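The block underneath contains the structure these notes are about, expressed in structure tokens.
The values are calculated or read from the model by the stated rules, or taken from the named source; none is laboratory data. Just so you know, these numbers come straight off a predicted model, no measurement behind them. With ideal geometry, Cβ positions are generated from the backbone for all residues, glycine too; neighbour counts draw on all protein chains shown. These area figures cover heavy atoms from the full protein model, side chains too; ligands, DNA and RNA do not enter into them. Shrake-Rupley method; radii C 1.70, N 1.55, O 1.52, S 1.80 Å.
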Amino acid sequence: MVTKEFDSYSERKAFDEAKAGVKGLVDARVTEIPRIFRLPQGTLSDKKHSVSASDFAIPIIDFAGVHASRELVVEKIKEAAENWGFFQVINHGVPISVLQEIQDGVRRFFEQDPEVKKSYFTRDAAKKFVYNSNFDLYSSSSCVNWRDSFACYMAPDPPNPEELPVACRDAMIEHAKHMMSLGALLFELLSEALGLSSEKLKSMDCMKGLFMIYHYYPPCPQPELTIGTNNHSDNSFLTILLQDQVGGLQILHHDCYIDVKPIPGALLITNDRFISAEHRVLSNRNETRISVASFFSTNMLPNSTVYGPIKELLSEENPPKYRDFTLEEYTKGYVNKGLDGASHLSSFKI
Ligand SMILES: O=C(O)CCC(=O)C(=O)O
Ligand SMILES: [Fe+2]
């Protein structure tokens, strides 16, 4: 059957202008997903098939030992960052209550009175608090994702509490505080894993910016036809990801998508210096999924610092593979391209 061409732009615009997000479609009880959400046929069942986590063990690193046996933890991080670009951390010191509160806060925001929620809807990235659906709605060449989100820079200039919705204000502030301290520890351990001084990555301002995205994935009537988040690798120096118990996150490893099984209280780490792991999120029929991604980067904020391969890691045998760039330049290209599965970093290859 030949499907008639349709005006994807107009349909995306109509979806956008309703300001109700994917949750609005679910509340309206759609039983068939609109065409703009449909993946090209076969996308989910390509050669990169899904395998269960029991075939491959995504590294789980216990930070309880970080004081008594730091070298051991550093060794594990090095191995995970080189081979996976992804690991789960347990006993990270962030209280479970803080993680629970932020998930509850995200749910409260998305499930509040739609009219109140609409007042936060914007595509203006200069706003302190940005709620919309699909940051790349107009730029992505792939399908629209079954997901709503809100975003906020929590560093270097955190918003005043009054600028944040009451539904999630306190939880956001408390959670971000913990992400900054866990981020500091991770940057120290990653520096050590690179054979550099503990302070190296921090001294390069890698944790100057903390950009948060809070995701809400409503249940989907046809989960096999769409996706929660397209495959991509992140735009940050480091991402700390909190996912709830629903599941659906997969990471690409040796050409297979592997399910990342939710572990209560575990945080997931990916970073760009070692492997920047490609990952995606599947939709599901029955449950709402919530996740919170803490990206260490100043992203689009004015920042003239130029980044390139760390000089100490270069030698005659190991010359730079990437050219220098600013985070603004990098992020602009990332946002314009949208999540389409293609690597953005590769466009900076020398
Ligand atoms: O929802 C998730 O688990 C992942 C989200 C994600 O990959 C991202 O925000 O970059
Ligand atoms: Fe991601």
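Observations on the structure shown:
- Condition broken by Ser133, with the remaining ones in (1) farther than 24 Å from Lys118 by Cα; (2) away from ligand 2 (no atom under 16 Å from the Cβ) satisfied: (1)
- Residues (touching a strand residue (DSSP E or B) at 6+ places or on another chain (Cβ under 9 Å) and not in a strand (DSSP E or B)) located in region 208-244: Lys208, Gly209, Pro218, Pro219, Ile227, Gly228, Ser233, Asp234, Asn235, Ser236, Phe237, Asp244
- Just one of (1) open to solvent by 20 Å² or more (accessible area, probe 1.4 Å); (2) under 29 Å from Pro158 (Cβ atoms); (3) within 16 Å of ligand 1 (Cβ to nearest atom) fails for Ile240. It is (1).
- Spans of helices (runs of 4 or more DSSP H) in region 62-125 with at least 3 residues under 21 Å from Ala184 (Cβ atoms): 70-83, 96-110
- Residue match in region 172-182 (condition: closer than 22 Å to Lys19 by Cα, aliphatic (A, V, I, L, M) and away from ligand 2 (no atom under 16 Å from the Cβ)): no
- Number of residues in region 278-304 that are within 15 Å of ligand 1 (Cβ to nearest atom), assigned to a loop (DSSP other than H, G, I, E, B) and more than 20 Å from His344 (Cα to Cα) equals 5.
- Condition check for Leu189: buried (at least 16 other Cβ atoms within 10 Å of the Cβ), in contact with a Lys or Arg (Cβ under 9 Å, 6 or more places away or on another chain), closer than 30 Å to Ser203 by Cβ and hydrophobic (A, V, I, L, M, F, W, C): yes
- Selected residue (criterion: least open to solvent (accessible area, probe 1.4 Å)) from residues of region 211-236 that are under 12 Å from the mean Cα position of the chain (by Cα) and hydrophobic (A, V, I, L, M, F, W, C): Met212
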